[in-house]
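What follows is one structure encoded as structure tokens, with my remarks underneath.
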Amino acid sequence: MLNRSALGGLVAGLILALAGPAAAQGLAPVKIRYCHGFGCKMRSPVTFSSGDLAALKRILDVGRGSPAAERAAISRADQWYERKAGAQTGTSGDDAKGEFGLYTPLSQLDCVDEMTNTTTLLKLLAKQGWLRHHTVGPSASRGVLFDGRYPHNTATIVETASGKRWVVDSWVRANGEPPDIKLHDIWKQEGRRG
């Protein structure tokens, strides 16, 4: 006869076996590196517990219905991610459009940090199977100074049904605020100085 502890372990193992390895993997905590300090000068560890991943999944589940709903869910997930990472890395006070200075605090992020972090989040969402209407796209850049624009980089997603590329640009707002999510072609034309 099995004792309660052994029976509980057997039942849990059976549930995980029936649910498949993806379910078991989805429950495991995840540790990532979060860039900050301009140009990924600092790469601080950020850990998502099983509960954190469940919360992130719930955010993405709301976007199941359409590509537009999923983009809205990605925006909310990015805000959640920045608040979570900010608390663990000391970057909660990151300002919008951080500009490089002689004594730029390591708690601030430039567009390279933001692009890297957002891409890390998007890849995590894709790996977990939580993106239904988009894939993670290549990073995007614009501006080369002589065209009247500062260089700027961002993460992107590609809508699977239409092939349209969208930017997810969290650099334009302070930590935990909604990123710009817009068509890449529109974003590419923006950013003029003056």
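Quick check on segment 116-134. Is at least one of its residues more than 19 Å from Val62 (Cβ to Cβ), at pLDDT 95 or above and in a strand (DSSP E or B)?
Looking for residues that are more than 19 Å from Val62 (Cβ to Cβ), at pLDDT 95 or above and in a strand (DSSP E or B), one finds none in segment 116-134, hence no.
Would you be able to say whether some residue in segment 115-135 is hydroxyl-bearing (Ser, Thr, Tyr), surrounded by fewer than 19 Cβ atoms within 10 Å (Cβ to Cβ), under 18 Å from the mean Cα position of the chain (by Cα) and farther than 20 Å from Gln88 by Cα?
Checked against the condition, which is being hydroxyl-bearing (Ser, Thr, Tyr), surrounded by fewer than 19 Cβ atoms within 10 Å (Cβ to Cβ), under 18 Å from the mean Cα position of the chain (by Cα) and farther than 20 Å from Gln88 by Cα, segment 115-135 yields at least one hit.
Please pick out the residue among Ala54, Ala72, Ala68 that is touching a helix residue (DSSP H, G or I) at 6+ places or on another chain (Cβ under 9 Å), part of a helix (DSSP H, G or I), aliphatic (A, V, I, L, M) and on the phi < 0 side of the Ramachandran plot.
Just a single option satisfies the conditions, and that option is Ala54.
Looking only at segment 81-99, count every residue that is touching a residue at least 60 places away in the same chain (Cβ under 8 Å) and surrounded by fewer than 19 Cβ atoms within 10 Å (Cβ to Cβ) and tell me the total.
6
To keep it simple, each residue is scored yes or no on (1) surrounded by 19 or more Cβ atoms within 10 Å (Cβ to Cβ); (2) in contact with a Pro (Cβ under 8 Å, 6 or more places away or on another chain); (3) without any contact (Cβ under 8 Å) to a residue 60 or more places away in the chain; (4) part of a loop (DSSP other than H, G, I, E, B).
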{"position": "Val144", "(1), (2), (3), (4)": "no, yes, yes, yes"}
{"position": "Thr154", "(1), (2), (3), (4)": "yes, no, yes, no"}
{"position": "Ile157", "(1), (2), (3), (4)": "yes, no, no, no"}
{"position": "Ala161", "(1), (2), (3), (4)": "no, yes, no, yes"}
{"position": "Val167", "(1), (2), (3), (4)": "yes, no, yes, no"}
{"position": "Asn175", "(1), (2), (3), (4)": "yes, no, no, yes"}
{"position": "Pro178", "(1), (2), (3), (4)": "no, no, no, yes"}
{"position": "Trp187", "(1), (2), (3), (4)": "yes, no, yes, no"}
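Could you pull out the residue among Ala54, Ala72 that is under 21 Å from Ala174 (Cβ atoms) and of a type in the set (A, V, I, L, M, F, W, C)?
Ala72 is the lone residue from the list that is under 21 Å from Ala174 (Cβ atoms) and of a type in the set (A, V, I, L, M, F, W, C).
Scanning for something modelled with pLDDT under 95 and among the hydroxyl-bearing types (Ser, Thr, Tyr), does segment 81-89 turn up at least one residue?
No, segment 81-89 contains no residue that is modelled with pLDDT under 95 and among the hydroxyl-bearing types (Ser, Thr, Tyr).
List the number of the failed condition for Asp110; all other conditions in (1) more than 13 Å from Ser170 (Cα to Cα); (2) surrounded by 15 or more Cβ atoms within 10 Å (Cβ to Cβ); (3) of a type outside the set (Gly, Ala, Ser) hold.
Going through the list (1) more than 13 Å from Ser170 (Cα to Cα); (2) surrounded by 15 or more Cβ atoms within 10 Å (Cβ to Cβ); (3) of a type outside the set (Gly, Ala, Ser), Asp110 breaks only (1).
The values are calculated or read from the model by the stated rules, or taken from the named source; none is laboratory data. Being a predicted model, the structure only gives us computed values, none of them experimental. Neighbour counts run over all protein chains shown; Cβ positions are idealised from the backbone, glycine included.
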